Amino acid sequence: MLNLALTLAFALVGGAFALSFLRLLKGPDAADRILALDTLYINAIALLVLLGIHLASPLYFEAALLIALMGFVGTVALAKFLLRGDIIE
């Protein structure tokens with residue numbers, strides 16, 4: 001039962017990953033692309049957590065935490081650049 005749930009979760013999160021990547025490529029403006037990038041790294045975190053559960057390895061959870069931290073900082077920097085035109089004041 002757990003393998004079926006993990007397989008279904010991998011498929012659904014993988015589909016969401018592909019759709020966000022498509023939005024990243026086709027986004028009509030910069031704000032949509034930033035939002036797609038934010039969603040893309042959240043989907044990458046979900047895939048890493050699922051892989052960590054499947055392989056029973058805590059290493060993937062640490063990698064997911066690092067991606068979350070770097071993704072948050074990147075999203076804030078891109079949003080600040082989009083609003084003000086510079087990152088460092």
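The values are calculated or read from the model by the stated rules, or taken from the named source; none is laboratory data. No experiment lies behind these values; they were computed from the predicted model shown. In this analysis, Cβ positions are derived from the backbone assuming ideal geometry, glycine residues included, and neighbour counts consider all displayed protein chains. All accessible areas refer to the heavy atoms of the entire protein, side chains included, with ligands and DNA or RNA removed. Shrake-Rupley method; radii C 1.70, N 1.55, O 1.52, S 1.80 Å.
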Report task. Go over the candidates L69, L8, L83 one by one and state the one that is at pLDDT 95 or above, open to solvent by 90 Å² or more (accessible area, probe 1.4 Å) and in a helix (DSSP H, G or I). Result -> L8
Query raised in the report: Quick check, is L59 open to solvent by 90 Å² or more (accessible area, probe 1.4 Å), within 20 Å of the chain's Cα centre (by Cα) and not acidic (D, E)?
Result: yes
Requested in this report: Please specify each residue of region 38-56 satisfying the condition of being open to solvent by 50 Å² or more (accessible area, probe 1.4 Å), in contact with a helix residue (DSSP H, G or I) (Cβ under 6 Å, 6 or more places away or on another chain) and over 22 Å from N3 (Cβ atoms).
Outcome: T39
